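For reference, the structure discussed in these notes is given below.
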Amino acid sequence: MSTTTVVPASGATAVIGQRMRRLEDGRLVRGEGAYVDDLDERGAGHVAFLRSPHAHAAIRSIDVARAAALPGVIAVFTYADLGAAGGPLPVVSPHDDLTHPVSPTPLAAGAVHFVGEPVAMVVAEDRYVAEDAAELIAVDYEERPVVVDLEAAAADGAVLVHASAPGNRAGRSRQRVGDPDAAFAVAPVVVRRRVVVERSAGMPLETRGVMARYDPRTRALEVWDSTQAPTSIRAGLAGLLGLDEDDVRVVAPDVGGGFGTKVHLFYPEELLVPWAAVRLGRLVKWVEDRAEHFVGSHHERRQIHDVELAAEEDGRIIAIRDHFLHDNGAYSSYGLDVPLVAACQIAGPYRIPHIDVAFDAIYTNTTEVSPYRGCGRPQACMALESTVDALADELGLDRMELRRRNLIAPAEFPYVRDGLTFADGKTVVLDSGDYAPALDCVLAALDYDGFAAEQARARADGRLIGLGLACYIEGTGLGPYEGARVRVRPDGRVAVAAGVATQGQSHATTLAQVVAEVLTVPMTSVIVVTGDTAAFANGAGSYASRSAVVAGNAVHRAASTVRAKALRLGAAMLDASPGEVELREGAVVRLDDGRAVSLAQIAASSNPLLYGLHDADPPPAAAYGDDGPPLPDGEEPGLDAVGYYSPTAATWASGVHGAIVEIDPQTYEVAWRRYVCAHDCGTVLNPTVVEGQVIGGIAQGVGGALYERMSYDERGQLRNASFMEFLMPYATEVPPIEVHHVETRSPLNELGLKGVGEAGAIPPPAVLVSAVRDALKHLGVDVSSAPLSPTELFDRVSART
Amino acid sequence: MTGDGERRAVRLRVNGDEVQRTVDTRLLLSDFLRHELGLTGTHVGCEHGVCGACTVMIDGRTARSCLTLVVQCEGRAVTTIEGISPDDGTLTAVQQAIHEAHGLQCGFCTPGFVMAITEFVAEQRGRHDFSDAEIRAALAGNLCRCTGYQGLVAATRAALRDALARQARPLDASADRER
């Protein structure tokens with residue numbers, strides 16, 4: 001894999017920016033991880049759910065008698081048992097445009113609206129018995145008409161998913177920049193395109209799971225949840241269960257992938273398992289199996305865009321208009337973030353003065369939709385980039401030259417899109433970037449200039465090759481804030497606790513790099529804890545490409561506070577003035593004679609309770625001196641600080657991906673011959689970690705481009721609810737990826753970071769469409785949908801030849 | 001386990017230790033290892049034999065423990081990630097290679113890949129010049145959703161080189177002496 005810094009960051013520092021090996025690997029690679037299903041479950045009541053087999057039905061009655069009587073069954077619950085906990089689950093992200101929100105109740109209350117909706121909960125001595133019991137529950141359903149197809153659900157007179165949502169509309173939105181109607185009216189060139197993206201899902205390799213223990217004596221609730229947002233779960237559970245927040249602890253243990261699928265809250269099971277623990281006064285556990293995951297964990301991606309670009313004859317793009325349908329699934333308890341993010345990214349990195357983007361969020365009798373890596377950006381990227389390619393054809397311009405002419409230039413930042421609102425509720429302002437070098441880098445790497453000739457030679461040989469490219473931008477680093485605590489322990493190690501959670505993003509390493517840099521200690525002495533509300537409870541969670549930016553800067557601030565105190569106290573302990581000392585190798589050192597006190601000594605010395613309890617060889621003088629109280633007014637014990645970072649606005653990352661594909665002329669399978677990406681996430685904390693994130697995202701994008709499609713039938717049955725038929729890429733389906741880093745530091749935070757977690761997943765489907773279109777253009781075949789299957793390509797080519 | 005299923009005594013070796021239990025005949029090997037024996041390093045990703053997270057060795061060959069009933073293992077030797085990993089807390093060459101090549105992120109698929117790569121490397125008799133495509137084919141029995149496989153391919157390549165370097169090769173050694 002080649003890795004080249006294209007625009008090097010200035011001021012590279014010792015540990016930040018280095019390819020440090022991960023601290024968390026030793027246990028994981030030995031199989032010593034502790035995921036939810038691995039935790040001590042002795043004495044647990046095991047849960048299985050009875051889920052609806054119908055996409056839309058009224059429930060006339062539920063008879064649990066036979067199930068409850070099965071030996072080994074502890075309890076069987078339905079909606080009738082839930083009481084105050086049975087209300088509709090809260091909406092995560094309310095919005096004025098979400099005019100007809102509908103949330104599910106934790107167990108179905110008289111009706112079901114998608115296959116897989118939980119109807120009853122069994123608690124038993126083990127999972128096998130619980131599943132046996134679930135099969136004995138008799139539910140009398142009265143089936144109702146079902147609507148699954150997105151356009152059918154959006155059409156006049158469609159079958160209604162919810163009586164409370166006319167036209168199956170959860171909400172509609174329209175945002176405008178400038179005067180798009182006027183621009184379209186006078187534009188000499190207009191191209192229109194329909195872009196279709198099929199439903200897919202994050203599919204982390206670890207399914208969801210929740211375990212909860214309630215002790216009725218102490219009224220303490222402990223929850224272990226495979227979630228991306230334990231702090232939010234804790235805050236919600238306390239309210240929903242009528243407990244004191246201080247009595248609730250939520251831990252996200254090792255989590256086997258999240259990808260957005262595990263950020264939604266509350267999934268019904270996340271409330272029901274703790275509720276059952278409280279109700280039964282014991283340990284209760286549920287782990288999803290994969291078949292459940294397919295229907296019970298959220299999906300994303302399905303959108304249909306009708307997009308138009310208006311341009312001058314010289315290729316300047318003047319306006320974009322996009323109206324899209326967004327498939328919400330049966331409920332809208334996450335909110336409208338997916339289509340809103342898609343909408344605000346619709347103009348990409350281009351200078352387009354007039355923008356008109358509107359969507360209808362539509363209910364269908366399918367699994368609910370909430371963000372999956374990219375959160376609407378992949379769809380917007382496909383809609384835009386596919387239409388830019390079509391515009392190039394219409395204008396007779398080279399498609400890369402067309403892009404170059406329209407890319408926002410560095411001098412134009414901050415670039416304001418007044419009328420477009422990002423997920424933080426603020427106007428879209430692209431703070432920084434340098435798009436042209438990324439484009440140049442990818443084109444050079446693919447030898448774009450020589451490709452036409454190569455393609456001609458291939459065609460003469462009966463081979464079909466094509467070159468595809470897509471540009472993207474990504475709003476990252478969303479607030480409201482994150483926090484972290486940094487504490488130097490008397491043994492010299494540094495304990496870091498942050499409010500974000502981890503599902504593989506290497507926080508234990510990258511956050512340790514920040515602290516190691518600031519405190520001049522070895523990374524191996526920094527211990528990072530994430531995802532435990534007992535360690536740190538204030539924060540939002542890991543999603544939306546925000547952890548490095550927001551938690552990274554919070555950790556930096558906390559560590560900087562510790563550093564400043566260490567220098568102040570260390571200088572006093574060394575009888576030096578602040579200018580006479582420096583922090584070096586974990587110690588405050590006098591510049592003249594080299595006398596030093598270690599951070600450990602300062603930590604012990606500044607906490608009067610610790611005198612004599614730790615080896616300080618010999619015990620140093622008390623850090624605060626002998627006059628006054630042992631802990632002077634205004635001081636806190638030890639080297640221990642909390643820091644918060646709250647972004648004023650999103651910071652915008654960007655990139656360009658390009659690929660060469662070959663289509664087999666007989667099987668129509670698509671093979672990737674080259675895949676190159678140039679991405680800009682500002683300061684790179686750890687290039688290896690960042691590349692891993694980008695490549696991992698690209699692999700999911702490859703899945704979305706060629707393979708992943710949730711296949712519902714007209715009755716709302718998910719026909720491919722297994723890995724045998726929902727195809728995800730193996731190593732053979734993902735090409736070697738060449739990653740190039742571009743760095744435009746973010747001006748919005750001290751570390752200059754931009755988010756990168758989702759970046760890789762954004763452009764691949766657009767790249768694939770672009771490449772296939774290029775490969776088949778001489779046959780008059782056009783494509784604008786994802787995923788593209790060999791059968792579809794065969795059909796399109798056959799129709800033309 | 002209750003219910004009206006049949007129960008049967010089973011005796012097998014797990015990581016070199018003799019294990020005897022009476023189990024429900026429908027109990028999966030994956031569940032037996034994880035919940036009866038507490039060997040939670042073997043993970044369950046799909047329960048239909050596709051993802052490979054549950055990969056163990058049965059009589060020295062990799063197998064899907066989620067598709068194996070524990071009663072099918074009567075008299076057999078099962079090796080899990082815990083049995084592969086050195087007792088002193090260090091890493092095998094394959095594990096070290098995966099770590100150095102950043103071949104894991106969330107770690108959930110990792111034990112399965114360790115088993116698969118360990119078997120693949122052990123099967124090669126000195127051959128190390130695999131193409132990228134060949135290595136990817138060798139890894140195509142295991143799903144990873146985090147890494148995009150690039151680090152795992154690099155790790156496999158490194159592990160092959162390492163195995164080659166460790167192999168005793170008398171013929172090559174004599175050729176060296178003659179030079």
- For region A:31-53, which residues satisfy the criterion of being open to solvent by less than 30 Å² (accessible area, probe 1.4 Å), over 27 Å from the mean Cα position of the chain (by Cα) and over 19 Å from A:Ala75 (Cα atoms)? A:Ser52
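Of all residues being in a loop (DSSP other than H, G, I, E, B) and more than 24 Å from the chain's Cα centre (by Cα) in region A:78-105, which is surrounded by the most Cβ atoms within 10 Å (Cβ to Cβ)? Just the residue, please.
In the first step, residues of region A:78-105 are kept if they are in a loop (DSSP other than H, G, I, E, B); the result is A:78, A:82, A:87-92, A:94-105.
Retained after the next criterion (residues that are more than 24 Å from the chain's Cα centre (by Cα)): A:78, A:82, A:87-88, A:99-100, A:105.
Details: A:Thr78: 21, A:Leu82: 19, A:Gly87: 13, A:Pro88: 14, A:Thr99: 14, A:His100: 17, A:Thr105: 19.
My answer is A:Thr78.
Kindly provide the set of residues from region A:66-77 that are open to solvent by less than 60 Å² (accessible area, probe 1.4 Å) and either without any contact (Cβ under 8 Å) to a residue 40 or more places away in the chain or more than 30 Å from B:Leu33 (Cβ to Cβ) (or both), ordered by number.
Step one: filter region A:66-77 for residues open to solvent by less than 60 Å² (accessible area, probe 1.4 Å), giving A:67-68, A:70, A:72-77.
Correct list: A:Ala68, A:Phe77.
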- Query: So which residues in region A:519-570 are in contact with a Pro (Cβ under 8 Å, 6 or more places away or on another chain), modelled with pLDDT of 95 or more and of a type in the set (A, V, I, L, M, F, W, C), if there are any at all?
  - Reply: A:Leu567
- Message: I'd like the full set of residues that are open to solvent by 20 Å² or more (accessible area, probe 1.4 Å) and in contact with a Phe, Trp or Tyr (Cβ under 9 Å, 6 or more places away or on another chain), limited to region A:116-137.
- Response: A:Arg127
- Task: Would you mind stating whether A:Val642 is open to solvent by less than 10 Å² (accessible area, probe 1.4 Å) and in a strand (DSSP E or B)?
- Result: no
- Item | Contacts under 7 angstrom Cβ, first residue in region A:722-748 being facing chain B (nearest Cβ under 10 Å), partner open to solvent by 10 Å² or more (accessible area, probe 1.4 Å) and in a strand (DSSP E or B), 6 or more apart | A:Pro735/A:Trp672; A:Val739/A:Thr3
- Message: One residue is enough: does region A:372-393 have a residue meeting the conditions closer than 22 Å to A:Phe451 by Cβ and not in a helix (DSSP H, G or I)?
- Response: no
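Looking for whichever is among the basic types (Lys, Arg) and in contact with a helix residue (DSSP H, G or I) (Cβ under 6 Å, 6 or more places away or on another chain) here; the options are A:Arg546, A:Arg563, A:Arg557. Which one fits? Walk me through it before giving the result.
On the way: A:Arg546 fails: in contact with a helix residue (DSSP H, G or I) (Cβ under 6 Å, 6 or more places away or on another chain); A:Arg557 fails: in contact with a helix residue (DSSP H, G or I) (Cβ under 6 Å, 6 or more places away or on another chain).
Criteria check complete, one pass: A:Arg563.
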- Residue within region B:105-124 that is more than 10 Å from every other protein chain (Cβ to nearest Cβ) and part of a loop (DSSP other than H, G, I, E, B) present: yes
- Message: Scan region A:441-456 and tell me whether some residue there is under 27 Å from the mean Cα position of the chain (by Cα) and not hydrophobic (A, V, I, L, M, F, W, C).
- Response: no
- Task: Take region A:577-605 and flag every residue that is closer than 18 Å to A:Tyr624 by Cβ and surrounded by fewer than 19 Cβ atoms within 10 Å (Cβ to Cβ).
- Result: A:Ser577, A:Pro578
- Picked from region A:411-427 (must be among the hydrophobic types (A, V, I, L, M, F, W, C) and in a strand (DSSP E or B)), the residue least open to solvent (accessible area, probe 1.4 Å) is A:Leu420
- Out of A:Val148, A:Val161, which single residue is buried (at least 16 other Cβ atoms within 10 Å of the Cβ) and either of a type in the set (Ser, Thr, Tyr) or out of contact with any Gly (no Cβ under 8 Å at 6 or more places or on another chain) (or both)? A:Val161
- Message: Quick test for you: out of B:Ser30, B:Ser85, B:Ser65, pick the one residue that is of a type in the set (Gly, Ala, Ser), within 23 Å of B:Thr147 (Cα to Cα) and under 15 Å from the mean Cα position of the chain (by Cα).
- Response: B:Ser85
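So which of B:Gly52, B:Gly41 is within 26 Å of A:Phe294 (Cβ to Cβ), in contact (Cβ under 8 Å) with a residue 60 or more places away in the chain, within 7 Å of another protein chain (Cβ to nearest Cβ) and not aromatic (Phe, Trp, Tyr)? Before the answer, list the steps.
Working: B:Gly52 fails: within 7 Å of another protein chain (Cβ to nearest Cβ).
Result: B:Gly41 is the single residue among B:Gly52, B:Gly41 that is within 26 Å of A:Phe294 (Cβ to Cβ), in contact (Cβ under 8 Å) with a residue 60 or more places away in the chain, within 7 Å of another protein chain (Cβ to nearest Cβ) and not aromatic (Phe, Trp, Tyr).
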- What residue, among those in region B:27-61 that are outside any loop (DSSP other than H, G, I, E, B) and of a type in the set (A, V, I, L, M), is surrounded by the fewest Cβ atoms within 10 Å (Cβ to Cβ)? B:Ile58
- Query: Quick check: is even one residue across region A:383-395 touching a Cys at 6+ places or on another chain (Cβ under 7 Å) and under 25 Å from A:Leu98 (Cα atoms)?
  - Reply: no
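Please find, among A:Ala276, A:Ala291, A:Ala252, the residue that is of a type outside the set (Phe, Trp, Tyr) and more than 14 Å from chain B (Cβ to nearest Cβ). Write out each step before concluding.
On the way: A:Ala291 fails: more than 14 Å from chain B (Cβ to nearest Cβ); A:Ala252 fails: more than 14 Å from chain B (Cβ to nearest Cβ).
Every option except A:Ala276 fails the conditions.
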- Message: Please go through (1) without any contact (Cβ under 8 Å) to a residue 40 or more places away in the chain; (2) assigned to a loop (DSSP other than H, G, I, E, B); (3) buried (at least 19 other Cβ atoms within 10 Å of the Cβ) for A:Leu237 and return the number of the only condition it doesn't satisfy.
- Response: (2)
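The values are calculated or read from the model by the stated rules, or taken from the named source; none is laboratory data. Computed from a predicted structure; not experimentally measured. So basically every Cβ, Gly included, is an ideal-geometry build from the backbone, and we count neighbours across all protein chains shown. In case anyone asks, the SASA skips ligands and DNA or RNA and just uses the protein heavy atoms, side chains included. Shrake-Rupley method; radii C 1.70, N 1.55, O 1.52, S 1.80 Å.
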